[in-house]
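Below you'll find the structure, written out as structure tokens, and then a few comments.
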Amino acid sequence: TLTKSGSVSVGAILASGFGLPTVTYSAITEAVIPSWSQDFAIGGGCYVTHLRPTPGNIAELRQAALPRLFVHVRDPRQAFLSWLHYAEATPGIRDEFGAGQFAERFEKQMDYYVDSVDWIKGWASAATDLNIQFSTFEEFVADQDGFIDRMVKAYGGDVAYFNRAAATTRNAGVDYHIRLGKTDEWLQAFSPEQIDQLNAVLSPELIERFGWPLN
């Protein structure tokens, strides 16, 4: 999942819905571990992380012969806005700040935004080598039940063992960093100049592929 894209909520659909244990296949975001990914491919576990789509990781995932991968993304401009409120906040406390601080953080965190767009581009390119099931935060917000149904169908699990209530339950201990969950707040939060700066990084191909507005 892309950071700040509802990772906990979306990840819980399969993990909690089917009661799957966490079985890791990578050293968190950095590197797929071949022996771990081969064990993971046996089935029966779930793992959600922000794995980087490096050539090495793509090659290792292909070698593990996973039947499919789920890659969940969000409009990076909205994810960036969420990050600006999250990056320097005290856990569990919503971080609000004035216009001057906002502009300062915007410039300070632009590298994060660029990395997020590159992350999405990397996984979009990897779809030529891997069977990737893409989903978006915007789809999740627009129709949560339909989103869950599509994910469960793509996963292929027996729905007789799927607990929808467990899949959608929020747990205070891990869901504290959920902010507002909006999809288009960035249109009002960023200035026209800031939006131009963000759009200059975000390619038209990604906007079209995932159905995000230009401005």
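For Ile195, which of the numbered conditions (1) of a type in the set (A, V, I, L, M, F, W, C); (2) under 28 Å from Pro55 (Cα atoms); (3) part of a helix (DSSP H, G or I) fails to hold?
For Ile195, the exception is condition (2).
Which residues, taken from the range 46-71, are loosely packed, with under 15 Cβ neighbours inside 10 Å and under 17 Å from Gly156 (Cβ atoms)?
Ala65, Pro67, Arg68
Report whether or not Tyr176 is modelled with pLDDT of 90 or more and either surrounded by 12 or more Cβ atoms within 10 Å (Cβ to Cβ) or β-branched (Val, Ile, Thr) (or both).
No; evaluated as a whole, the condition is false for this residue.
Which of the residues that make up the range 125-157 are over 13 Å from the mean Cα position of the chain (by Cα), small (Gly, Ala, Ser) and surrounded by 19 or more Cβ atoms within 10 Å (Cβ to Cβ)?
Ala126, the sole residue that qualifies.
Which condition breaks for Tyr113 when tested against (1) at pLDDT below 95; (2) part of a helix (DSSP H, G or I); (3) over 27 Å from Ala15 (Cα atoms)?
Condition not satisfied by Tyr113: (1).
Identify all residues within the range 179-202 that are at pLDDT 90 or above and hydroxyl-bearing (Ser, Thr, Tyr); write none if there are none.
Of everything in the range 179-202, just one residue is at pLDDT 90 or above and hydroxyl-bearing (Ser, Thr, Tyr), namely Ser191.
Say we look at the range 1-56 and pick out the residues that are more than 12 Å from the chain's Cα centre (by Cα) and charged (D, E, K, R); which of these is modelled with the lowest pLDDT?
Ranking the qualifying residues of the range 1-56, first place goes to Asp39.
The values are calculated or read from the model by the stated rules, or taken from the named source; none is laboratory data. Keep in mind it's a predicted model, so treat the numbers as computed, not measured. All Cβ positions, even for glycine, are placed from backbone atoms using ideal geometry, and neighbour counts span all protein chains on display.
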